[in-house]
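Colleague: Below: one structure in structure tokens.
What follows is calculated from the coordinates using simple rules that are stated; it is not laboratory data. Just so it is clear, the model here is predicted, and its values are computed rather than measured. Positions of Cβ are backbone-derived with ideal geometry, glycine not excepted, and every protein chain shown enters the neighbour counts.
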Amino acid sequence: MSQDAVGGFAARGASAGKKPNFFMRIVIFFRQVISELRKVVTPTRKELLTFTGVVLGFVIVMMALILGLDTVFSWVVNVVFGVPS
């Protein structure tokens, strides 16, 4: 059998509809995982710090937005329903 471009096995002759057995599919899966892991590029220290800063900045902005909305909604609920004396 010959391997095709997408990592599967190309059909040859009479075995056109036959797929590899269970264990062969596991081996193919792990080969594909290793192949994909080789494509991973580790970010540089500068990129890592930049990405971390962007994520932390976004989280802080979202926290402030939710705090603001919560405060406004609490104020509206108190105005509409009043606080029992």
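Colleague: Give the Debye-formula value of log10 I(q)/I(0) at each listed q (0.16, 0.26 Å⁻¹), with one equal scatterer per alpha carbon of region 43-85, two decimals each.
Modeller: -0.57, -0.83
Colleague: Run the quick spin-label model on Thr71 and Lys46: label points 7 Å from Cα toward the beta carbon, then report their separation in nm to one decimal.
Modeller: With each label placed 7 Å out from Cα toward Cβ, I get 3.8 nm.
Colleague: Express in nm, to one decimal, how much length is gained between Met24 and Val83 on full extension, taking 0.36 nm for each residue of separation and deducting their alpha carbon distance.
Modeller: 14.3 nm is the gain from fully extending Met24 to Val83.
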